[in-house]
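Visitor: Pasting in a structure now, in structure tokens, and then I'll have a few things to ask.
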């Protein structure tokens, strides 16, 4: 069965890879391109060069896990001090998570503590916008052997069979997974 990789198109792939490695506590691997690999539970991040600048909201983003509200605040502060900025993607001011953007403008969320993400590692979920969450989740489950854990019209989620590592979550959005990040089954 295949596993997933999150691929970032970046103007400065090595710089962006080092940034993500630093904020996640993972390591950069340059043996076959530029990748950031988890030291425990997680999903590899690959970085490829792109001359195109980010111009709109990504259809794929990472949700980062926190263990407490204090931990969430510390993660936000650490990201901000590393160069991340707060981002507005038309989220409500009432949401319990914090939306930020990395040093190349790629959105990410720092989630409030949620017990469902206890075994994920620092990345709680890889979130994919799609017009058809159920169909896309089932297709990726077939390709990877991941388990379908949520299946509604507007939301579907997958989990690695081991129970460790991030969820892959599909949210209904007509624009689909376009932008500077994509999820690959390899």
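Visitor: So which residues in the range 154-176 are more than 17 Å from residue 142 (Cα to Cα) and free of Cβ contacts under 8 Å to residues at least 40 places away in the same chain?
Guide: 154, 155
Visitor: What number of residues within the range 1-36 are part of a strand (DSSP E or B), touching a helix residue (DSSP H, G or I) at 6+ places or on another chain (Cβ under 8 Å) and buried (at least 16 other Cβ atoms within 10 Å of the Cβ)?
Guide: Step one: list which residues in the range 1-36 are part of a strand (DSSP E or B), which gives 4-10, 27-29, 34-36.
After this cut, where a residue has to be touching a helix residue (DSSP H, G or I) at 6+ places or on another chain (Cβ under 8 Å) as well, the list is 4, 8, 10, 27-28, 34-36.
Keeping just the survivors that are buried (at least 16 other Cβ atoms within 10 Å of the Cβ) gives 4, 8, 10, 28, 34-36.
The number of residues fulfilling the criteria is 7.
Visitor: Let me ask something else. What about residue 56, is it in contact (Cβ under 8 Å) with a residue 24 or more places away in the chain, surrounded by 18 or more Cβ atoms within 10 Å (Cβ to Cβ) and under 30 Å from residue 174 (Cβ atoms)?
Guide: Criteria not met by residue 56.
Visitor: Between 96, 113, 122, which is more than 16 Å from the chain's Cα centre (by Cα), at pLDDT 95 or above and closer than 22 Å to residue 150 by Cβ? Even if it seems obvious, please write down each step before you answer.
Guide: On the way: 96 fails: at pLDDT 95 or above; 122 fails: more than 16 Å from the chain's Cα centre (by Cα).
Sole residue among the options that is more than 16 Å from the chain's Cα centre (by Cα), at pLDDT 95 or above and closer than 22 Å to residue 150 by Cβ: 113.
Visitor: Condition (residue is crowded, with 21+ Cβ neighbours inside 10 Å, outside any loop (DSSP other than H, G, I, E, B) and free of Cβ contacts under 8 Å to residues at least 60 places away in the same chain) applied to the range 81-92: is it met by at least one residue?
Guide: Looking for residues that are crowded, with 21+ Cβ neighbours inside 10 Å, outside any loop (DSSP other than H, G, I, E, B) and free of Cβ contacts under 8 Å to residues at least 60 places away in the same chain, one finds none in the range 81-92, hence no.
Visitor: Pick from the range 150-163 the residues that are under 17 Å from residue 3 (Cβ atoms) and surrounded by 14 or more Cβ atoms within 10 Å (Cβ to Cβ): which of them is modelled with the lowest pLDDT? Give the steps one after another, and end with the answer.
Guide: Our first condition is that a residue be under 17 Å from residue 3 (Cβ atoms); within the range 150-163, this holds for 157-163.
The next check asks that each one be surrounded by 14 or more Cβ atoms within 10 Å (Cβ to Cβ); those that pass are 157-160.
Working: 157: 97, 158: 96, 159: 94, 160: 91.
So the residue we want is 160.
The values are calculated or read from the model by the stated rules, or taken from the named source; none is laboratory data. Just so we're clear, the structure is a prediction, and the values are computed from it rather than from any experiment. Cβ: placed from backbone, ideal geometry, glycine included. Neighbour counts: every protein chain shown.
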